[in-house]
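Written below as structure tokens is the structure these notes are about.
What follows is calculated from the coordinates using simple rules that are stated; it is not laboratory data. All figures in this text were calculated on a predicted structure; none of them were measured in a lab. So basically every Cβ, Gly included, is an ideal-geometry build from the backbone, and we count neighbours across all protein chains shown.
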């Protein structure tokens, strides 16, 4: 646990380390850029028997005693403190989850909020503005999902919703949690104001995405139909 502040923090970052390549870099940016009081809980989830992203973060979340949990991938580069702008959104009691803009190392947008569209006739989630040149054109919006490479939720809400669903294997558990937040009557908001680089998939693989997407579709079938009908109405 890292807590260099005398003031009691409101936020605990939690990180499941699956590749030791990134951990020192992650620690460096937390210590040099994040001025807001915080703690950092880390689980060494490397070989020989790593557990899933959902299981690892649920394990870490049980140890959190602060008001907010900040999910953090270890392959994140922070060029400023993201916490003030993100925490400000929680002044609205309706907000249960906050995500932020992520850029690739070449500064093209990797994550500008998660929306849904169609590909080959199938409804699929995708990062809005993905691969676009970042010229500050992405505005703050309410999205059903945000990505957990960096996202903050209320600890009390996380506990009440049962944490992350462990049926998923390293993918879509964040999307599932976002839908649970919506179902519980809360909102998610995406804020684009902090410059953050994400070395995308530097700390995870995508080999189980098709399997996870199948689980997600089965669980949230009715909501996905409603989203599909809404998109059709806009055409």
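Key figures for this structure:
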item: Hull-based mean projected area of region 103-142, where the convex hull spans the alpha carbons, in square nanometres; result: 3.2
item: Alpha-carbon gyration tensor eigenvalues x 5, square-rooted, for region 11-234, Å; result: 25, 20, 19
item: Mean projected area (nm²) of the alpha-carbon convex hull when region 51-90 is viewed from all directions; result: 3.7
item: Helix axis angle, 23-33 relative to the chain longest principal axis, alpha carbon, degrees; result: 80
item: Expected 222 nm ellipticity per residue - DSSP helices of 4 or more, -39500 (n - 2.57), all of the chain, to 500; result: -8500 deg cm²/dmol
item: Antiparallel content of DSSP bridges confined to the chain, in %, to 5; result: 55
item: Peptides 176-183, 146-153 ordered by average Cβ neighbours within 10 Å, highest first; result: 146-153, 176-183
item: Relative contact order for the chain, counting Cα pairs under 8 Å that sit 6 or more residues apart, in percent; result: 23
item: Equivalent ellipsoid dimensions for region 1-133 as semi-axes, Å, which come from the Cα gyration tensor, largest first; result: 26, 20, 17
item: Paramagnetic reach from residue 183 (point 7 Å along Cα→Cβ, amide N under 19 Å) across region 35-64; result: 54-55, 58
